[in-house]
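Student: Have a look at this one before I ask anything.
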Amino acid sequence: MKHFTHLKDFTIAELNAMVDSAIALKKSAPAGMPLAGKSLAFCFMNPSLRTQVSFSVATASLGGHPVTLSLGSGGTWGMESVEGVVMDGAAAEHLKEAVPVLGRMCQGLGLRSFPVGKSWAEDKKESALAAFIKYSTVPVINMESASGHPCQALADLMTIRERMDPAKKNFLLSWAPHVKPLPMAVPNSSVEMASMAGMNVTIARPEGYDLDPEVMARVKKNCAANGTKLTVTDDATGAFEGQHVVYGKSWGSLANYGQAPSADPAFRRKWTISSAKMKKTDDGIFMHCLPVRRNLVVNDDVLDGKWAVHIDEAENRLHTAKAVLLHLLASPKTTAAARRHRK
Ligand code: CP
């Protein structure tokens, strides 16, 4: 059974094939209704706009039936994910029951589950996603976990490929200020995707904001295999020199896990992404997964300027969601028919 939970489970050829499918689906709908008779349950433990709407619309437009559940709120039970605990807290149901039950009613499941933010060692276990994978009898989609957001990365790859051949181009992940210690899922997946796609990767971040060593090891290995450069720097402005893609994102510190970044105005000014920084790029594009806090993460003149592609990037969540659903659920026969239709 196929899942779509972590980028490391895929080759770049497989990811590119899904992006090819998404690019074709953006141009025209597939023939017929490849997901007819199939229902999918999209389970959210945290808020979402793009992920929720893209998977719901993608499923319906392919002829399937989307069911969106807010676990622990909005009328659905709070879920326990850890095995062997005495369930005398807020959670009324264990995923050990809920996941197989959903699998009896639906042909695919999606899960969004953010880190708790107390211990990275605990959050990294991704106990809810692990329970979905363990107990599901149907394909599982990771709609953002503690360590990765592969659906976002696929849309990001599509957005880059629509504008350039990523091979040997320069990709900058630039840390940005925030009022909260945000998850590392998007930054992890963005640099993993860029390194798989054959880009030179630069990460600009303040001291104490290094990404998880396991992710960095994979990025390093990908860059070595592709003959590209990996640079980690605390030069918040110089890092923009010659970049083709700038990915702005805030994330929490592993060194001070769960603590919000400094609110010192000079620190914020140093790391907020500005038009002055973007002018240093090589006609670079500015990407952000959204939601974004204007004039804290990135200034208005970048988001409203010529560099920004964030709305296209968000739209591509829809097309890549369709590609993921077809990859997981469409029979080879319907996928081939859809491909023929597109040609
Ligand atoms: N980028 C992204 O996943 O957006 P949402 O959190 O709104 O789904």
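Student: If a residue must be open to solvent by 60 Å² or more (accessible area, probe 1.4 Å), in a loop (DSSP other than H, G, I, E, B) and either away from the ligand (no atom under 15 Å from the Cβ) or outside the structural domain of Pro181 (by TED's automatic domain parsing) (or both), how many such residues does region 273-298 contain?
Tutor: Residues in region 273-298 being open to solvent by 60 Å² or more (accessible area, probe 1.4 Å), in a loop (DSSP other than H, G, I, E, B) and either away from the ligand (no atom under 15 Å from the Cβ) or outside the structural domain of Pro181 (by TED's automatic domain parsing) (or both): 5 in total.
Student: Further question: Say whether the condition of being part of a helix (DSSP H, G or I) and either closer than 15 Å to Ala225 by Cα or of a type in the set (Lys, Arg) (or both) is met by at least one residue in region 160-176.
Tutor: yes
Student: Against the condition exposed (fewer than 14 other Cβ atoms within 10 Å of the Cβ) and assigned to a helix (DSSP H, G or I), how does Arg269 come out, does it pass?
Tutor: So Arg269 passes the test.
Student: Looking only at region 76-97, count every residue that is small (Gly, Ala, Ser) and either touching a residue at least 40 places away in the same chain (Cβ under 8 Å) or in contact with a Leu (Cβ under 8 Å, 6 or more places away or on another chain) (or both) and tell me the total.
Tutor: Count: 2.
Student: Within region 177-198, which residues are within 17 Å of Asn226 (Cα to Cα) and not in a loop (DSSP other than H, G, I, E, B)?
Tutor: Ser190, Val191, Glu192, Met193, Ala194, Ser195, Met196
Student: Looking at (1) within 16 Å of the ligand (Cβ to nearest atom); (2) among the basic types (Lys, Arg); (3) on the phi > 0 side of the Ramachandran plot, which is the one condition that is false for Lys180?
Tutor: (3)
Student: How many residues are within 12 Å of the ligand (Cβ to nearest atom) and open to solvent by less than 10 Å² (accessible area, probe 1.4 Å) if we restrict to region 136-150?
Tutor: So the answer is 6.
Student: Looking only at region 16-32, count every residue that is more than 22 Å from Ser136 (Cβ to Cβ) and at pLDDT 95 or above and tell me the total.
Tutor: Within region 16-32, residues that are more than 22 Å from Ser136 (Cβ to Cβ) and at pLDDT 95 or above number 11.
Student: I've got another one for you. Within region 96-114, is there a residue that is open to solvent by 60 Å² or more (accessible area, probe 1.4 Å), within 16 Å of the ligand (Cβ to nearest atom) and under 14 Å from Cys43 (Cα atoms)?
Tutor: yes
Student: Residue check: is Asn188 crowded, with 21+ Cβ neighbours inside 10 Å, more than 17 Å from the chain's Cα centre (by Cα) and at pLDDT 95 or above?
Tutor: No.
Student: Here's something else I'd like to know. Please work out which one of (1) open to solvent by 70 Å² or more (accessible area, probe 1.4 Å); (2) more than 28 Å from Ala22 (Cβ to Cβ) is the condition Gly78 fails and give its number.
Tutor: (1) is the only condition that Gly78 fails.
Student: Moving on to the next point. Cβ-Cβ below 7 Å, separation at least six or inter-chain, first residue in region 285-300 and on the phi > 0 side of the Ramachandran plot, second surrounded by fewer than 24 Cβ atoms within 10 Å (Cβ to Cβ): which pairs?
Tutor: From region 285-300, the pairs are Leu290/Arg50; Leu290/His310; Leu290/Ala314.
Results for (1) among the acidic types (Asp, Glu); (2) in contact with a strand residue (DSSP E or B) (Cβ under 6 Å, 6 or more places away or on another chain); (3) more than 23 Å from Ile285 (Cβ to Cβ), shown as yes or no for each residue.
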site: Asp123; (1), (2), (3): yes, no, yes
site: Ala130; (1), (2), (3): no, no, yes
site: Ala153; (1), (2), (3): no, no, no
site: Asp156; (1), (2), (3): yes, no, no
site: Gly198; (1), (2), (3): no, no, no
site: Ala225; (1), (2), (3): no, no, yes
site: Asp234; (1), (2), (3): yes, no, yes
site: Thr237; (1), (2), (3): no, no, no
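Student: Right, another one. If I ask for residues that are in a helix (DSSP H, G or I), near the ligand (Cβ under 9 Å from one of its atoms) and surrounded by fewer than 18 Cβ atoms within 10 Å (Cβ to Cβ), which ones from region 39-57 would you list?
Tutor: Listed by number, the list holds a single entry, Val53.
The values are calculated or read from the model by the stated rules, or taken from the named source; none is laboratory data. These numbers come from a predicted model, not from an experiment. With ideal geometry, Cβ positions are generated from the backbone for all residues, glycine too; neighbour counts draw on all protein chains shown. Surface areas here come from the heavy atoms of the whole protein model, side chains and all, with no ligands, DNA or RNA. Shrake-Rupley method; radii C 1.70, N 1.55, O 1.52, S 1.80 Å.
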